[in-house]
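Below you'll find the structure, written out as structure tokens, and then a few comments.
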């Protein structure tokens, strides 16, 4: 931009940085930061949970180990969550496997695009291409919650690797919120995958209400990190 190379977080991504099968040492992190300073004048990026550094600002990311029986996991649910699940049980909700990726993406964009104006139409289109590729690789998981009239109330789009389920998008309709459908859906997901050597990664959040919702499931915080650098020349430095 303006002839200046800078480093920024691509839309719809959460954690980047150094990924390695070996432990990431302080020496490696320092070398990584030095290289950023050498190549760029400005940087605002989010580094993954293995890239810790005392000088970086931590961001919340909640995870839940699934390698236990469902009843043991449920014993760590908060009182609020148990109450909401009891409310949802009054509505005879159904939990289903989904295969309509386009519907999940469309609903999420409709419900959340006004809250994320920085995410452009092209970003959603690129994300759809990634999801379609992962769908062919069987690395996309879709689950939905329906009422007794077969109305979709909540849908979750997740990405998979051998060790984690990443909750990328979760969309709940107004009627679904009234029926606590998202609580029901995630509880059913946990029941489905309990006793597997996997982690449910909630992919956030620093927003207090969302953070509280994820903590209700007995999850633990595995923070990732925000890196910012501003070596822009004056007066550009003042605008960033």
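Readers should treat all values here as calculations from the given coordinates under stated rules, not as data from a laboratory. Keep in mind the model is a prediction, meaning the values are calculated, not measured. Quick reminder, even Gly has a Cβ in these numbers, built from the backbone with ideal geometry, and neighbours come from all protein chains shown.
Relative contact order of the chain: what whole-number percent is it, with Cα pairs under 8 angstrom and at least 6 residues apart?
34
Take residue 4 and residue 85, extend 7 Å from each Cα along the Cα→Cβ direction, and tell me the distance between the two endpoints in nm.
5.1
Distance in nm between label sites at residue 222 and residue 98, each 7 Å beyond Cα in the beta-carbon direction?
2.4
Would you give the gap between the C-alpha center of region 104-124 and the C-alpha center of region 75-103, rounded to a whole Å?
Region 104-124 and region 75-103 have Cα centres spaced 24 Å from each other.
Between the helical axis of 26-39 and the dominant principal axis of the chain, each derived from Cα atoms, what acute angle in degrees is found, rounded to the nearest 10?
Here the helix axis deviates by roughly 60 degrees.
What number in nm² do you get for the chain if you take the convex hull of its Cα atoms and divide its surface by four?
If I average the Cα hull's projected area over directions, I get 15.1 nm².
Once the Cβ-Cβ distance between residue 234 and residue 57 is put in as r, and R0 is 35 Å, what FRET efficiency do you end up with, to the nearest 0.05?
0.90
Work out the FRET efficiency for residue 70 and residue 22 from their Cβ-Cβ distance, taking R0 = 45 Å, and round it to the nearest 0.05.
The formula returns an efficiency of 0.85 here.
Shape of region 52-115 from its Cα gyration tensor (a ≥ b ≥ c, root eigenvalues): rounded if a/c is under 1.5, otherwise prolate when a/b > b/c, or oblate?
oblate
So what are the radius of gyration and Dmax for the Cα set of region 10-141, in Å?
20.2, 60
Residue separation times 0.36 nm, minus the C-alpha to C-alpha distance between residue 161 and residue 192: what's the value?
Here the answer is 9.5 nm.
Taking Rh as the Kirkwood radius, which is the inverse of the mean 1/r over Cα pairs, what is the Rg/Rh value for region 116-225?
0.96
Where does each of 160, 56 land when they are ranked from fewest to most other beta-carbon atoms within 10 angstrom?
160, 56
As a footprinting exposure proxy, order 98, 195 by other Cβ within 10 Å, with the fewest listed first.
Ordered from fewest to most neighbouring Cβ atoms within 10 Å, 98, 195 come out as 195, 98.
Mind jotting down the distance between the C-alpha centroids of region 19-36 and region 159-229, whole Å?
Answer, in whole Å: 29.
What is the list of residues in region 156-183 whose amide nitrogen lies under 17 Å from a point 7 angstrom out from the Cα of residue 134, following Cα to Cβ?
Once the point is set 7 Å along Cα→Cβ of residue 134, 156-171 turn out to lie under 17 Å by backbone N, inside region 156-183.
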